[in-house]
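Comments concern the structure below.
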Amino acid sequence: MFIKFESNGSAPFVMPSGIAQQLISMMGQGKEIDGSISGPAILDAISKLEKGLVQHSKDEVIALLNKKDERSSEDDEAEQPLRINVRAVPLMEMLQAAKQADSFVMWRPE
C-alpha cells in the first residue's frame, strides 16, 4: 500500500506506507494513514520531523558501527537502501511550502 501526500502549491507524491507512517509519526501525528495538518501545526510538525530525522540518523550510525565487524567485503559492495532522511525530502519540502503559503498538508491511502 502507498500513502499519497497533497498540498496546495506542491506536487502530490506517494511513498510506501511503512516509510510514510514512520515520517507521519515523527511529525507527531500518530500513525494514522489518513490525516492533515495546517496553520501552527505545520511549524510543530517540521520541528518534530527534523528532530526525529536527526535521532534516526544517530541510531543508524550506531547500528552500522556495531555491524561493521560482522560484515564481509561483499556486504560493503551491496547496494544500500535509501535512508529515511532522503525519503523525507519531498515531505519536508511540502511542509515548508505549505508553511510559506499558509496552506495545509494532507495524506491518505492511495
Original post:
For the chain, with every protein chain kept in place, what is the accessible area per residue (1.4 Å probe, Å²)?
Top reply: 63 Å²
Subject >> Point-to-point label distance, VAL89-GLU110, nm (Cα→Cβ direction, 7 Å offset) >> reply: 1.7 nm
Original post:
Quick one: with all protein chains in place, what share of the accessible area of the chain is carbon or sulfur, to the nearest percent (1.4 Å probe)?
Top reply: 53 percent
**OP:** Once you have the Cα-Cα distance between GLU60 and ASP44, take 0.36 nm times their residue separation minus that, and quote the gain in nm to one decimal.
**Re:** 3.3 nm
**OP:** Grab the chain and count how many Lys pairs have their alpha-carbon atoms under 26 Å apart, sequence gap of 8 or more, or different chains.
**Re:** 15
**OP:** Please sort through the DSSP H helices of the chain and keep those with an alpha-carbon extent of at least 15 Å along the long axis and a Kyte-Doolittle average not below 0.0.
**Re:** 89-101
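The values are calculated or read from the model by the stated rules, or taken from the named source; none is laboratory data. Quick caveat, the model's predicted, so the values are computed rather than measured. Every residue, glycine among them, receives a Cβ derived from its backbone with ideal geometry; neighbour counts consider all protein chains shown. What goes into the accessible areas is simple: the full protein's heavy atoms, side chains included, and nothing from ligands, DNA or RNA. Shrake-Rupley method; radii C 1.70, N 1.55, O 1.52, S 1.80 Å.
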